[in-house]
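The values are calculated or read from the model by the stated rules, or taken from the named source; none is laboratory data. Please read all numbers here as calculations on a predicted model, not as lab measurements. Neighbour counts run over all protein chains shown; Cβ positions are idealised from the backbone, glycine included. Only protein heavy atoms, including side chains, enter the accessible area calculation; ligands, DNA and RNA are left aside. Shrake-Rupley method; radii C 1.70, N 1.55, O 1.52, S 1.80 Å.
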Amino acid sequence: MPRPNAAQLAYGSATVVFSTVALLLLSRTTTALGIVVISAAGLLLGLLVTVTMPVHRKATVAPVPPLPRNDEIRVPAAPVGAGVDTRIGS
């Protein structure tokens, strides 16, 4: 099983917190056993959200064609010093 990414962990953690708080407020339980059961239910719900959330993969890019070999590239070299005064201080 691959490791969850940051978005999956964030959504799972938010689900645990919000679902646990919502269930505690809706049930109005005051017993320790009720709080433990609701906390476990929130934790399981967050784990379920984390595991079942779809993973967005990077888009596959078309393969890059190979670069041309050196003998196929024909770039004319600029003539050295053509039209440029190379003397300094004249």
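Tabulated results
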read-out: Scan of the range 28-53 for residues that are outside any helix (DSSP H, G or I) and open to solvent by less than 90 Å² (accessible area, probe 1.4 Å), ordered by number; value: THR29, THR31, MET53
read-out: Check on LEU25, in a helix (DSSP H, G or I), modelled with pLDDT of 90 or more and surrounded by 14 or more Cβ atoms within 10 Å (Cβ to Cβ); value: no
read-out: Of all residues in the range 37-90 being modelled with pLDDT under 65 and of a type in the set (S, T, N, Q), the one that is farthest from LEU23 (Cα to Cα); value: SER90
read-out: Extreme residue, modelled with the lowest pLDDT, among residues of the range 2-22 that are outside any helix (DSSP H, G or I) and open to solvent by 70 Å² or more (accessible area, probe 1.4 Å); value: PRO2
